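The values are calculated or read from the model by the stated rules, or taken from the named source; none is laboratory data. Please read all numbers here as calculations on a predicted model, not as lab measurements. Here Cβ is always computed from backbone atoms with ideal geometry, including for glycine, and neighbour counts include all displayed protein chains. Please note that ligands, DNA and RNA were not included when accessible areas were found on the heavy atoms of the full protein model with its side chains. Shrake-Rupley method; radii C 1.70, N 1.55, O 1.52, S 1.80 Å.
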Amino acid sequence: MAAVEPRAREGVPLLRIEALGLCFIPKRYALLDKVDLEIFPGEILGLVGESGCGKSLTGLACLGLFPSGVKPFSGRVLFKGKDLLCLPEKEVRAYRGRRVALIFQEPLNALNPVFTVGYQIEEVLKLHRGLRGEAARAEAIRLLSEVRLPDPETRIRNYPHELSGGMRQRAMIAMALAGEPELLVADEPTTALDVTVQAQILDLLLELRERRGLAILFISHDLALIREVADRVAVMYAGEVVEVAGKDELFENPRHPYTEALLSARPEFGTRKLRLLPGQVPSPGKWPAGCRFAPRCRERELRCEEEHPEMRPVGPGHAVRCFRR
Ligand SMILES: Nc1ncnc2c1ncn2[C@@H]1O[C@H](COP(=O)(O)OP(=O)(O)O)[C@@H](O)[C@H]1O
Ligand SMILES: [Mg+2]
């Protein structure tokens, strides 16, 4: 596989989400609103925000997936210029796993408990790459060793429950890699793991990006993790992106009061809970008419409560949805 300059942000984005809006059909309210994101080949884009901000829905949209009752009402999801929202379902299915793959928090939900790890990886190899029999088995073993699962020749015959949490996460990554995707959506991939294993999985993702030129949408509520891996960061709040910047720029020069609040949040002593600013993310259907963050913002003015701010460029590659910054 050709090595790709990982941090290059030039040319055409691999994936571009344009003004995506998602609606919860039964209640007719928006869950995502005018979300814009770009992911370039080989880059790691961190997507951060408190629980309920819309990170997972955005991640699923990259695969052309929408939970039941959830439908797009505006925008486009372009993979190399092709809009997934307009493709026939058959083509989207061929795209999923082949061009873009998903890993998430709990591998037990991704891995089928009644089949061995090897069988499940071989199914993906058959579906997306036409590999069967010995060739599929050999490639499955190679993938498991690529993700550093110890003793892959034996582990391939294991059922998911016979593996530890960290090993299962590696097996899920191997399965995600089986279609040779160009983009990996990693939705809180280490949240369920202890700190040591978490660090190992992050190292593995960084290594895969270097070796395969894999682009990664790395979703996390934890800015410290994002800081470890991301090249650029998008911050979400109440169904929209409120700030985008290069990683160093975001950490050194945050503009949105919400980003600042996330940055100053520290885990409470003895717990893993974040002490964040008071109040909560407003639920879909209850977004304020003005800036959605205004009710929690110490700097709000009358305008913030009356008008909804648009994204505004504030520097190279840096944009913010705030009137005051
Ligand atoms: N299938 C669904 N039906 C209705 N509402 C949903 C569904 N999935 C997510 N939501 C709502 O959309 C919002 C964003 O959810 P999600 O993308 O999971 O947030 P995050 O990953 O940032 O925690 C939340 O308020 C959530 O309750
Ligand atoms: Mg989520």
Subject >> Nitroxide proxy distance, nm - points 7 Å out along Cα→Cβ at E260 and K126 >> reply: 5.8 nm
**OP:** Would you calculate the separation in nanometres between label points at F115 and R28, each defined as 7 Å from the Cα along the Cα-to-beta-carbon direction?
**Re:** 4.2 nm
Original post:
In the chain, what is the count of Lys pairs whose alpha carbons are under 26 Å apart, counting only pairs at least 8 residues apart or on separate chains?
Top reply: 28
Subject >> Alpha-carbon radius of gyration plus Dmax, which is the widest Cα pair, for the chain in Å >> reply: 20.1, 68
Original post:
Fully extended, how many nm does the chain gain between A199 and E306 (0.36 nm per residue separation, minus their Cα-Cα distance)?
Top reply: 34.1 nm
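If you count only protein heavy atoms with a 1.4 Å probe, what accessible area per residue comes out for the chain, rounded to a whole Å²?
Values: 15360 Å² over 325 residues.
In whole numbers, the chain has 47 Å² accessible per residue.
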Original post:
Starting at 0 and stepping by 10 Å, how many percent of the alpha carbon pairs of the range 129-172 end up in each bin?
Top reply: 29, 54, 16, 0
Original post:
Roughly how many percent of the accessible protein surface of the chain is carbon and sulfur, given a 1.4 Å probe and a whole-percent answer?
Top reply: 52 percent
Subject >> Charged-residue dipole, Cβ positions (Lys, Arg, Asp, Glu), the chain about Cα centre, Debye nearest 20 >> reply: 620 debye
Subject >> Label point at S164 placed 7 Å out along Cα→Cβ; residues across the range 115-142 whose backbone nitrogen lies under 13 Å >> reply: none
Subject >> Stretch gain in nm, segment R211-K286, where the contour uses 0.36 nm per residue and the Cα spacing is subtracted >> reply: 22.6 nm
Subject >> Protection proxy ranking, peptides 240-247, 163-170, average beta carbon neighbours within 10 Å, highest first >> reply: 240-247, 163-170
**OP:** Answer with one residue from G285, P26, V124: the one whose Cα lies farthest towards the positive end of the charge dipole of the chain, charges on Cβ with Lys, Arg +1 and Asp, Glu -1.
**Re:** P26
Subject >> Over 27 Å [Cα-Cα, the range 1-151], rounded percent >> reply: 35 percent
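Using 0.36 nm times the number of residues separating R324 and L108, minus their current alpha carbon distance, what extension gain do you get?
Working: separation 216, 0.36 × 216 = 77.76 nm, distance 4.50 nm.
Extra length available between R324 and L108 comes to 73.3 nm.
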Subject >> Degrees between helix 133-146 axis and first principal axis of the chain (Cα, 0 to 90, nearest 10) >> reply: 50 degrees
Original post:
On a 0 to 90 degree scale, rounded to 10, what angle separates helix 195-212 from the longest Cα axis of the chain?
Top reply: 80 degrees
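Among bridges DSSP assigns within the chain, what percent are antiparallel (round to 5)?
60 percent
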